[in-house]
1. Mind jotting down the three principal axis lengths of segment 134-197 based on Cα atoms? Whole angstrom, largest first.
2. Quick one: length gained pulling residue 23 to residue 215 fully straight, 0.36 nm per residue minus the C-alpha distance?
3. Could you give the dipole magnitude of segment 50-138 about its Cα centre, charging the beta-carbon of Lys and Arg +1 and that of Asp and Glu -1, in debye to the nearest 20?
4. Once segment 1-140 is represented by equal point scatterers at the alpha-carbon sites, with solvent omitted, what log10 I(q)/I(0) does the Debye formula produce at q = 0.19 Å⁻¹?
5. Pick out, in residue order, every one of the trypsin sites (Lys or Arg not before Pro) in segment 97-197 that is DSSP loop and has at most 14 other C-beta atoms within 10 Å; say none if there are none.
6. Of the listed pairs 36/272; 53/284; 118/272; 74/254; 162/213; 95/237, which have alpha-carbon separations greater than 26 Å here?
7. Provide the per residue accessible area, probe 1.4 Å, for segment 1-149, rounded to a whole number of square angstrom.
8. Round to a whole number: what % of the accessible area of segment 5-133 belongs to carbon and sulfur, probe 1.4 Å?
Amino acid sequence: MMKFGSKNSASTPIKCTVRLLDDNQLLYSEFQINEKGSSLINRICEQLDLIEKDYFGLRYVDSKRQRHWLEPSKSIFKQIRDMEADNILFSFRVKFYPPNPFRLKEDITRYQIYLQLKRDLLHGRLYCNTSEAALLGAYILQAELGDFNPEEHIDNYVNELKILLKQTLQLEEKMMDIHKNELKGKTAAEMETIFLKKACVLDTYGVDPHAVKDQRGNQLYLGINHTGILTFQGSKKMNHFSWSQVQKINFEGKMFIIHIILNEKKQTIGFKCPRGSSCRHVWKCAVEQMLFFTFPSSSDVPNVVSGGGFFSWGTKFKYSGRVEREILEDMTITRESPSVTRVGSLRRKSSSEPPTPSNLVINQVAGFNSLPRSLTNTSEEYNTSVDSSNQIDNPSVLETLLEDQEIMTSKIEQEIHHEEILNDHLLIGKSRVLGHALLLIGLISPSYFYSL
């Protein structure tokens, strides 16, 4: 097992595995120790024959189980150096969900968006009411299985397939009914188009939920997409701060802070993240989404600094790549659109998985299911469940967890807690040293030290 920093690692290409949007598909690649993230991202997009690559990125989980997007302008080595060199795993994902997928120039790009949304539905990020879930599920059935065939599609043929991680019998029956009676003759390409039209208008389209708490300590989920910053309590959308309202985004320690103008008044709203590292991740995601979707050109994008104060260093973020307007106005794509090679990606339930229950009891608040705690497993899966009330049209929604997060062991939690305490002590130490210097020149009073 080779660790970064060993004698051989500087000259030896580093092998990595890239998991595609269909988990059954893997790409194997390698990179040099001095290569930047953009080189690997471009290489993967070339293998997938994608030209409109700006919407995609590579995601990874560090040794402390914190998710990150691989930054294109930085050295890959510097970003993943705490990982084992013989166990590097990236996940190819949609990073910027296009507001209108039909403004994309190539079908092959739209197909990758479809695969991501199908994955989001399975893992619960694209949560919606049960009627919408049944409809989207039926679209997937028609796209992947074709027309209903009574000789092949016998009894509950959906029960063995994973469209939602936990499917109720009621939802499966509704999906089968739509598949059988309403979609006959539709091709896979047609169904993908219908699926995209339905999915891209949902509130949770492109939302990656981040667990936070408000000033009262209430558990919320923060979502960030092309429209702005959204908050959800349980699974109910509570607030939507559009990018036109957002004046500034920053963070301090564990606090993610947005400055908005609401009803012509300036307001500051803060959300507490579980850890400083997760707060920094939320901040970077928010900044990138805002810059990508709101700026006219990448040359207009400024460097952004946050997380610092008078006695601490800030985090600097430099945006890399084109913004959406530049992509849409790019007229250099002149090739004939490549054909789309579709793969059957519906998963089958394992034999150890229990059959679908006919009645599943879920706690409800005001007609909505509450989002579960952020517990995940080591295979980047959500624990997703749906309402199983007797009425399909009840406004219940799919539950969600944070994808690509892994179970945080007690040992890792202790390491993170110890690191945060150490950082606090270092910050106080730096503040005291600087404070003594300022005291000597008369810029602060002696009472400052009692606040440290």
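The values are calculated or read from the model by the stated rules, or taken from the named source; none is laboratory data. Just so you know, these numbers come straight off a predicted model, no measurement behind them. In this analysis, Cβ positions are derived from the backbone assuming ideal geometry, glycine residues included, and neighbour counts consider all displayed protein chains. Heads up: the accessible areas ignore ligands, DNA and RNA and are worked out on the full protein's heavy atoms, side chains in. Shrake-Rupley method; radii C 1.70, N 1.55, O 1.52, S 1.80 Å.
1. 26, 26, 16
2. Once the chain is fully extended between residue 23 and residue 215, it gains 65.3 nm.
3. Computed charge dipole of segment 50-138: roughly 180 debye.
4. Debye output, listed in q order: -1.14.
5. Passing sites in segment 97-197 are 184.
6. Values: 36/272 32 Å; 53/284 20 Å; 118/272 31 Å; 74/254 24 Å; 162/213 32 Å; 95/237 22 Å.
Violating the 26 Å Cα-Cα cut-off are 36/272; 118/272; 162/213.
7. Ligands and nucleic acids excluded, the result is 38 Å² per residue.
8. 46 percent
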